[in-house]
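This report refers to the structure that appears directly beneath it.
Readers should treat all values here as calculations from the given coordinates under stated rules, not as data from a laboratory. Fair warning: this is a prediction, and the values are worked out from it, not measured in the lab. Cβ coordinates were reconstructed from backbone atoms using ideal geometry, including for glycine residues, and neighbour counts include every protein chain displayed.
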Amino acid sequence: MEAGSPPTTGSRTIADLLPRAAEQYAQRVAIRHKVADDWVDVTFSELGDLVSETGRGLIDIGLRPGERVSLLANTRPEWTVCSLAVSAAGGVVVPVYPSNSPEECEWVVGNSESIGVVCESSGQLAKILEVRERLPLLRFLVVMDGSGEIADAVTVAELRARGRALEQQELVDRYEAISPDDPYTFIYTSGTTGPPKGCVLTHRNYRSVLDMIEQRDLLRGENDVVYLFLPLAHAFALVVMLLAADTGTAVAYWTGDTKRIIVDISEIKPTYLPSVPRIFEKLYTLVTSYGDPERIKAATRVGLRVRALRAAGEAVPPELERHYDQAEESLFKNVRAAFGGRLREAVSGAAPIAKEIVEFFWACGVPVVEGYGMTETATVATVSSPEHIRFGSVGRPLPGVEVRTADDGEILIKGANVFRGYHKNDDASFGAVVDGWLHTGDLGRIDEDGFVFITGRKKDIIITAGGKNLTPVNLENDMKQCRWVSQAVMHGDRRPYPVMLITLDEEEIVPWAQQHGIEDVSIPALARDPRVVDLIQTALDEANERYARVEQVKRFFILDHDLTQETGELTPTLKVKRNVVGEKYAARLDALYDD
């Protein structure tokens with residue numbers, strides 16, 4: 001590396017990335033994870049040994065170059081070890097969401113033609129065993145947790161023991177033989193419509209995107225810590241994992257409990273936090289619920305103004321400085337403390353986030369930026385940075401990436417990060433590559449300085465009976481800023497006006513109900529309670545005021561439960577499956593138009 005250049009292993013492929021990192025960053029911390037009550041560190045050298053032994057074990061049980069191996073596990077250190085081991089042994093990694101049902105696992109494992117599955121636990125193994133007779137290509141099963149005899153599977157500990165009996169050179173020969181244009185991973189889209197599609201992404205795709213991101217100086221190595229709770233089956237978490245390894249940066253893995261994410265963050269004190277909008281929405285609710293809304297809005301304006309003046313090197317007027325100091329003492333420092341106090345940057349991805357939430361955190365000194373990309377672009381195509389941001393924008397294209405809009409406003413992307421196509425599915429309507437340009441299915445605009453703004457999704461656009469095109473995500477995001485609301489889904493295609501399905505945030509609405517003397521505080525009862533309905537109506541009236549009359553939601557109903565992954569209404573990254581929700585609650589939505 002040249003002096004002053006971003007840290008990188010300079011690997012040729014993803015397969016030789018970790019062997020290089022283990023040598024280059026040997027004594028740096030690679031992994032931080034919770035064991036009992038303590039955070040335990042694993043160095044890059046130790047991680048290299050784990051990956052080497054596991055990779056050689058995979059060779060020993062019969063993995064051949066180019067064959068696919070599925071990973072069915074939550075985000076944890078063993079996921080990283082096994083993924084990197086599959087790559088080093090010449091295999092192709094196929095992530096599977098741990099929340100998937102047996103039938104969903106069958107689709108991914110079967111469609112990808114995986115010959116092995118690495119499962120987190122006996123519970124995940126049971127899913128595969130349930131459908132194994134319909135997976136004739138499966139030759140082996142591995143379990144991360146467990147010791148001793150596990151029916152029909154080998155443990156990771158046993159796999160490593162077998163690997164130690166093989167010479168290291170066998171693994172070296174495997175990863176040195178891999179071409180940059182060989183497949184690195186098949187990542188299956190989370191499937192908001194139809195069955196998931198397997199995106200074939202090459203080593204060159206991900207090596208290129210790492211090189212692009214590193215020019216942005218996102219992770220800085222030895223003194224940085226990333227907190228990772230996002231599912232590694234999703235491209236967003238995967239690229240962060242790879243970037244950390246390539247730059248010698250420590251990754252702290254969540255403890256597996258969603259209720260402890262905020263606690264984890266306060267203990268780890270990360271410098272970089274990748275997240276999805278729902279976490280920022282929850283944190284926003286947490287820190288603003290009990291304050292005066294107008295004072296919080298005023299403090300946000302003050303914080304944004306002062307930080308803009310300081311960034312421009314301009315003097316802050318004394319009166320403005322006084323208001324800022326008051327907001328700093330009463331609000332801003334507490335918000336930063338909720339993120340551990342060391343956060344240099346947080347990134348929101350995978351779905352749109354409300355502009356107001358981003359502005360609030362920026363005012364508090366928590367730089368939440370947005371990026372944009374798809375699984376089909378090896379995760380990312382545009383990024384913002386604390387130094388270059390426009391609120392509401394997803395940033396500018398990465399170096400080497402071109403972005404333009406088609407005549408109908410669809411975002412088109414070209415670059416070395418664009419995928420090779422869908423496995424056994426050349427007819428996918430979105431994700432088509434024409435003359436090198438990926439047709440994303442997203443609608444947007446690009447300003448005069450190259451900042452990209454996403455305005456909607458072609459297949460999500462609602463066209464009313466009067467011919468008005470509506471983008472549902474904007475008003476939905478406004479409603480989700482309401483502390484009582486968990487999810488908001490607009491409906492109204494070919495209808496006279498839009499209506500909305502609302503779900504309640506149990507953590508917020510139950511205390512409110514108790515304070516107002518409501519005896520039955522179960523969610524089904526609260527969904528019918530006139531006082532709760534009036535509360536939501538007031539929030540909707542306030543949100544509607546920001547939109548033209550034709551865009552306003554006229555009626556709504558409150559669902560008696562929240563939307564979940566388990567019921568098939570949300571993807572693992574908490575995006576709403578509109579087609580599922582529309583079909584499942586068609587009768588309730590239709591009833592809103594009856595009179």
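Summary of computed values
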quantity: In the stretch 1-71, the GluC sites (Glu not before Pro) that fall in loop regions by DSSP, at most 16 other Cβ within 10 Å; calculated: E2
quantity: Simple spin-label estimate for H516 and V263 in nanometres, 7 Å along Cα-Cβ; calculated: 3.1
quantity: Semi-axis lengths, Å, the stretch 464-591, gyration tensor of Cα atoms, sqrt of 5 times eigenvalues; calculated: 24, 18, 13
quantity: Share, in percent, of DSSP beta bridges within the chain that are antiparallel, nearest 5; calculated: 55
quantity: Nearest-ten-degree value, helix 530-544 long axis tilted from longest Cα axis of the chain; calculated: 90
quantity: For the stretch 449-461, Karplus couplings with θ = phi - 60° (6.51, -1.76, 1.60), whole Hz, Gly/Pro x; calculated: 9, x, 6, 9, 10, 8, 10, x, 10, 3, 7, 9, 5
quantity: Pairwise FRET efficiency - F391 versus V35, Cβ, R0 = 30 Å, nearest 0.05; calculated: 0.15
quantity: Tilt relative to the chain, helix 122-131 - C-alpha long axis, 0 to 90 degrees, to 10; calculated: 80
quantity: Rg(Cα)/(2.2 N^0.38 Å) for the chain, N = residue count; calculated: 0.98
quantity: Relative contact order %, the chain, counting alpha carbon pairs below 8 Å whose residues are six or more apart; calculated: 11
quantity: CD proxy at 222 nm, helix term only [per DSSP H run n ≥ 4: -39500 (n - 2.57); per residue of the chain; nearest 500]; calculated: -11000 deg cm²/dmol
quantity: Whether the stretch 380-522 is rounded, prolate or oblate, judged on the alpha carbon gyration tensor where a/c under 1.5 counts as rounded; calculated: prolate
quantity: The stretch 121-181 versus the stretch 16-93: alpha-carbon centroid distance in Å; calculated: 13
quantity: Within the stretch 464-591, percent of DSSP bridges classed antiparallel, to nearest 5; calculated: 65
quantity: In sequence order, calculated HN-Hα J values of the stretch 396-409 (Karplus, 6.51, -1.76, 1.60; Hz; x Gly/Pro); calculated: 10, x, 4, x, x, 9, 10, 10, 8, 10, 7, 4, 8, x
quantity: R445 paired with L286, simple spin-label distance in nm, labels 7 Å along Cα-to-beta-carbon; calculated: 3.6
quantity: Principal axis dimensions, largest first and in whole angstrom, of the stretch 289-422 by Cα; calculated: 55, 32, 30
quantity: With at most 15 neighbouring Cβ atoms within 10 Å, loop chymotrypsin sites (Phe, Trp or Tyr not before Pro) (DSSP) excluded, longest segment of the chain; calculated: 1-289
quantity: Residues whose placed amide H lies under 5 Å from that of V347, excluding near-sequence neighbours; calculated: L273, S275, V369
quantity: Relative contact order computed over the stretch 464-591 (Cα-Cα under 8 Å; 6+ residues apart), in percent; calculated: 26
quantity: Mean Cα-pair separation over length for the stretch 204-288, i.e. relative contact order, pairs under 8 Å, 6 or more apart, %; calculated: 35
quantity: Beta bridges by DSSP in the stretch 165-277, antiparallel share as percent, to the nearest 5; calculated: 50
quantity: Virtual paramagnetic centre 7 Å along Cα→Cβ of A311, amide N under 13 Å, in the stretch 357-382; calculated: 358-370
quantity: For the stretch 230-303, alpha-carbon Rg and Dmax in angstrom; calculated: 15.5, 45
quantity: Degrees separating the helix 203-214 axis from the principal Cα axis of the chain, which is the longest one; calculated: 50
quantity: Residues whose placed amide H lies under 5 Å from that of L232, excluding near-sequence neighbours; calculated: T75
quantity: Whole-Å distance, taken between Cα centres, linking the stretch 327-364 and the stretch 207-241; calculated: 20
quantity: For the stretch 266-271, 3J(HN,Hα) per residue [Karplus equation, 6.51 cos²θ - 1.76 cosθ + 1.60, θ = phi - 60°, Hz, x = Gly/Pro]; calculated: 5, 7, 6, 6, x, 9
